[in-house]
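A short worksheet on the structure shown next.
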Amino acid sequence: MGLTASNKVSIEYSSEVAEKRTDVRQGIRSLWSRRDFQPGDVIAEFTWDMIHPKPNYLTVQIGEGQHILLRPEYLECINHSCDPNCFFDTTRKVLVAVRAIQEGDEFSFFYPSAEWNMDQAFQCLCGSPRCIGMIKGAKYLSPELVRQYQFTDFIQQKLKENGQL
């Protein structure tokens with residue numbers, strides 16, 4: 001697709017729904033909306049090729065010891081935010097808007113919504129007033145934080161078992 005000179009961003013994939021970008025200087029991949037979405041709108045359907053027994057930084061958890069790499073692959077470029085605009089519904093196999101998304105907005109989801117115990121914890125730099133700091137997985141969230149987010153069916157089950165929900 002090409003490099004935009006003004007901001008050194010490589011556009012690697014584009015459809016009527018989304019555009020995959022890579023910041024050439026930092027090597028950070030991201031996915032951006034090419035149209036408006038309302039809460040509840042299905043942004044994309046997804047599937048997976050195989051189930052992996054261990055998480056990695058690209059996986060979404062669908063069960064105990066069951067982690068998937070999303071297909072289409074461009075969905076792996078959706079970054080974390082503590083104030084997400086979309087959610088991976090692993091039961092329906094769809095990416096859903098959880099709040100209004102405008103054309104040109106970056107797609108983001110709350111990583112702990114789909115991972116119990118993340119492979120690579122990190123200090124969040126999302127900049128949101130809702131930022132929770134260290135991102136390690138749903139296992140480490142307080143009940144107060146759990147009430148503020150949407151979680152996959154599997155993660156909800158784990159939260160109940162762990163007394164967080």
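Contact annotation: residue pairs with Cβ atoms under 7 Å, 6 or more positions apart or on different chains, pairing a residue in the stretch 87-115 that is over 17 Å from PRO39 (Cβ atoms) with a partner that is part of a loop (DSSP other than H, G, I, E, B) and not aliphatic (A, V, I, L, M), are THR90/THR152; LYS93/PHE46; PRO112/GLY137; ALA114/THR90; ALA114/THR152; GLU115/PRO55; GLU115/GLY137.
Screening ARG34 against (1) free of Cβ contacts under 8 Å to residues at least 40 places away in the same chain; (2) over 22 Å from ILE132 (Cα atoms) leaves a single unmet condition, (1). A single entry from PRO84, PRO55, PRO112 fulfils the requirement of being at pLDDT below 95, not in a strand (DSSP E or B) and not hydroxyl-bearing (Ser, Thr, Tyr): PRO55. Applying the set (1) under 25 Å from PRO143 (Cβ atoms); (2) in contact with a His (Cβ under 7 Å, 6 or more places away or on another chain) to HIS52 leaves exactly one unmet item: (1). Only one entry of ARG25, ARG21, ARG29 meets the criterion of being among the charged types (D, E, K, R) and not in a strand (DSSP E or B), and that entry is ARG25.
Scan the stretch 110-135 residue by residue and report those that are crowded, with 19+ Cβ neighbours inside 10 Å and either out of contact with any Gly (no Cβ under 7 Å at 6 or more places or on another chain) or not acidic (Asp, Glu) (or both).
PHE110, TYR111, PRO112, SER113, ALA114, TRP116, MET118, ILE135
Of the residues making up the stretch 131-145, those that are part of a loop (DSSP other than H, G, I, E, B) and more than 16 Å from the chain's Cα centre (by Cα) are GLY133, LEU141, SER142. When every residue of the stretch 14-36 is checked against the conditions, none turns out to be of a type outside the set (Val, Ile, Thr), under 19 Å from SER113 (Cβ atoms), out of contact with any strand residue (DSSP E or B) (no Cβ under 8 Å at 6 or more places or on another chain) and exposed (fewer than 13 other Cβ atoms within 10 Å of the Cβ).
What pairs come up if the first residue lies in the stretch 146-164 and is closer than 16 Å to LYS93 by Cα and in a loop (DSSP other than H, G, I, E, B), the second is hydroxyl-bearing (Ser, Thr, Tyr) and at pLDDT 95 or above, and their beta carbons are under 8 Å apart, counting only those six or more places apart or on different chains? Within 8 Å, the pairs are GLN150/SER113; PHE151/SER113; THR152/THR90; THR152/THR91; THR152/SER113. Considering only residues that are in contact with a Leu (Cβ under 9 Å, 6 or more places away or on another chain) and not basic (Lys, Arg), look in the stretch 117-147 and name the one that is farthest from LYS20 (Cα to Cα). Per the criteria, the residue is PRO143.
Filter the stretch 116-130 down to residues that are closer than 18 Å to ASP83 by Cβ and in contact (Cβ under 8 Å) with a residue 12 or more places away in the chain and give me whichever is farthest from the chain's Cα centre (by Cα).
PRO129
The values are calculated or read from the model by the stated rules, or taken from the named source; none is laboratory data. As the structure is a prediction and not an experimental result, all values here were calculated from the model. Don't worry about glycine lacking a Cβ; one is built from the backbone with ideal geometry, like all the others, and counts go over all protein chains shown.
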